[in-house]
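The next block holds one structure in the form of structure tokens; read it before the comments.
FYI, it's all coordinate maths here, none of it is from the lab. As the structure is a prediction and not an experimental result, all values here were calculated from the model. Don't worry about glycine lacking a Cβ; one is built from the backbone with ideal geometry, like all the others, and counts go over all protein chains shown.
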Amino acid sequence: MSSPKYITPPQECTGCALCANVCSTDAINMVWSGDGFLVPQVNVNACINCGACVRTCPAQPAHLEKLRAESSATETPEAYGGWHKDKDIHLNSSSGGVFSALAEHIFAAGGCVFGVVWSGKDIARYTKAENMAELAAMRGSKYTQAVPGMVYRDVKEELKRGRQVLFCGTSCQVYALKRYLRKDYEKLLLVDILCHGVPSRSLLQAYIREFEVSTGKELERIQFRDKAGNWQQYQVKKIFADGSSLGHINRQDMFIRLFVGDYALNKACYACPHARFPRVGDITLGDFWGDLQKLHPDWPIPDGIGSILANSPKGKALLQRLSASGSVTLVADVLDNLIDGQRPTYIRHAEALPPNREQVLRALRDEKLCQIYHNLFAYERCGPFRLRKSSLLYKAYNVLRRIKRRFFGRSH
Ligand SMILES: Cc1cc2nc3c(=O)[nH]c(=O)nc-3n(C[C@H](O)[C@H](O)[C@H](O)COP(=O)(O)OP(=O)(O)OC[C@H]3O[C@@H](n4cnc5c(N)ncnc54)[C@H](O)[C@@H]3O)c2cc1C
Ligand code: SF4
Ligand code: SF4
Ligand code: SF4
């Protein structure tokens, strides 16, 4: 066998870095592709052609086929809406802050937690926390592809030392860890986050660059799920090096509109084999979407509600213990509401690739983000025409459309 040119078809690669972790000669480096996604790069001089990377890669077509063919869960997950009882922890987490309660439990048993922190304004990485002070930086979603480094090796080291370990990440990373370990460990708690995809790092970089130019200030970091306003409008807070900050809600924010609209996700995410039941982790954490004001008006909605799935006996037992200890509030029997609130791609099967993804990624190489954004959202197709939304013609077209609907009803 010759050195692999690429380990798996690039469009299937999730950037999980399992190949780099299994390579016995450290011949694989994860690098950023021109489109801003993590991909493996093989150093042919260090490669001994053992084939381990190709054999282990979860995105190999044959393996993917097997994964996709797996039937749905034999056991249905227990579903909860939940939040941490400590207000500070709750407000500093993306949704309900249940991740922090799980971590607290692991630390109390002498264990450690692997999760993601910012390690620069446009890069997020896996790291290990040994206590609640170190855990603080892991709180909050970093909407970018986290760099795994050699995290699967590090997890195994801790397990071999007999420690309790919590690993929290996207499903593809949790799955990669399972494949790396090749056996179950009683002391390992796997937590996957509901994930509709990771956006291109080029998008994040363009966003930061243009924001710094327009404000004339250096950005220190971004907090994607600031709860100063209403959690359901999720506000993006930009914190500047001079200590000042600015917040924009979802609808006004270029990055969030492109991310949530799936315009620039990693290609593998559009057909994610993990967006289904059974989930890959013992516990799954996500946001609780839907019309909560109507369904659960007594929940602390503005502070953020987590959707929590207990998938394995281990996950179920732990959540019951946390609930009994009083560190979290968990409201049971909400599976239908939880699923209804999520777009299909989060839990069930993925959506089709949007036609303008390639165009957006290409444009990110040399066009300004504000220009790309303008081209995407400033025009709308109206019958055979593409009209500028601010034009008189567009407004007139919409008045006519409303009149037509009122008197003749919908044509479909
Ligand atoms: C890229 C991305 C997309 C997401 N998409 C959805 C979605 O479509 N629907 C939904 O319901 N929820 C989504 N989430 C999950 C959600 O935002 C929260 O992470 C989740 O609800 C847990 O919240 P929490 O309050 O319990 O914990 P928090 O303290 O907010 O965070 C929990 C954990 O998230 C991990 N994390 C943060 N950023 C990353 C990252 N880039 N890669 C891997 N792990 C990370 C941290 O390690 C930490 O362990 C997404 C998260 C990410 C990072
Ligand atoms: S999917 Fe993971 S293991 Fe496969 S090539 Fe990509 S980074 Fe490597
Ligand atoms: S074939 Fe073996 S040595 Fe070469 S990159 Fe893959 S795992 Fe490493
Ligand atoms: S959508 Fe799937 S492939 Fe993409 S980051 Fe999330 S878990 Fe990984």
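Couple of notes before you dig in:
- Local electrostatic count at residue 267 - Lys and Arg +1, Asp and Glu -1, tallied over other residues with Cβ under 11 Å: -2
- Prolate/oblate/rounded call for the range 252-315, Cα gyration tensor, a/c under 1.5 rounded: oblate
- Backbone geometry of the range 186-196 corresponds, through the Karplus equation with coefficients 6.51, -1.76 and 1.60 at θ = phi - 60°, to 3J(HN,Hα) couplings of 4, 8, 9, 10, 9, 10, 9, 9, 5, 9, 8 Hz, x marking Gly and Pro.
- Flagged links, alpha-carbon separation over 30 Å, of 66/267; 227/395; 142/187: 227/395
- Spread over its residues, the convex hull of the C-alpha atoms of the range 10-69 is 81 Å³ per residue.
- Ellipticity estimate at 222 nm from DSSP helix runs (n ≥ 4, -39,500 (n - 2.57)) divided over the chain, nearest 500: -10000 deg cm²/dmol
- Amide H to amide H distances under 5 Å link residue 221 with 239, where only residues 5 or more positions off or on other chains count and H is placed in the peptide plane.
- When both the range 221-251 and the range 265-302 are represented by their alpha-carbon centers, they are found 21 Å apart.
- Of the GluC sites (Glu not before Pro) in the range 49-147, those whose Cβ has at most 15 other Cβ within 10 Å and which sit in DSSP loop: 70, 75, 130
- Placing +1 on the Cβ of every Lys and Arg and -1 on the Cβ of every Asp and Glu, with no other charges, gives the chain a dipole of roughly 1300 debye about its Cα centre.
- In this calculation the C-beta distance from residue 241 to residue 133 is compared with R0 = 22 Å, giving a FRET efficiency of 0.40.
- Segment residue 333-residue 249, extension gain: residue separation times 0.36 nm, minus the distance between their alpha carbons: 27.1 nm
- Across the alpha-carbon set of the chain, the Rg to Rh ratio works out to 0.98, Rh being the Kirkwood radius.
- Put in order of Cβ neighbour count within 10 Å, fewest first, the listed residues 248, 374 become 374, 248.
- Under the Debye formula (equal points on every Cα, no solvent term), log10 I(q)/I(0) of the range 216-280 at q = 0.14, 0.15, 0.20 Å⁻¹: -0.57, -0.63, -0.87
- By the beta-carbon count within 10 Å of each Cβ, the least crowded to most crowded order of 14, 144, 127, fewest first, is 127, 144, 14.
- Taking the range 72-367 and dividing mean pair separation by its residue count, relative contact order in percent (alpha carbons under 8 Å, at least six apart): 26 percent
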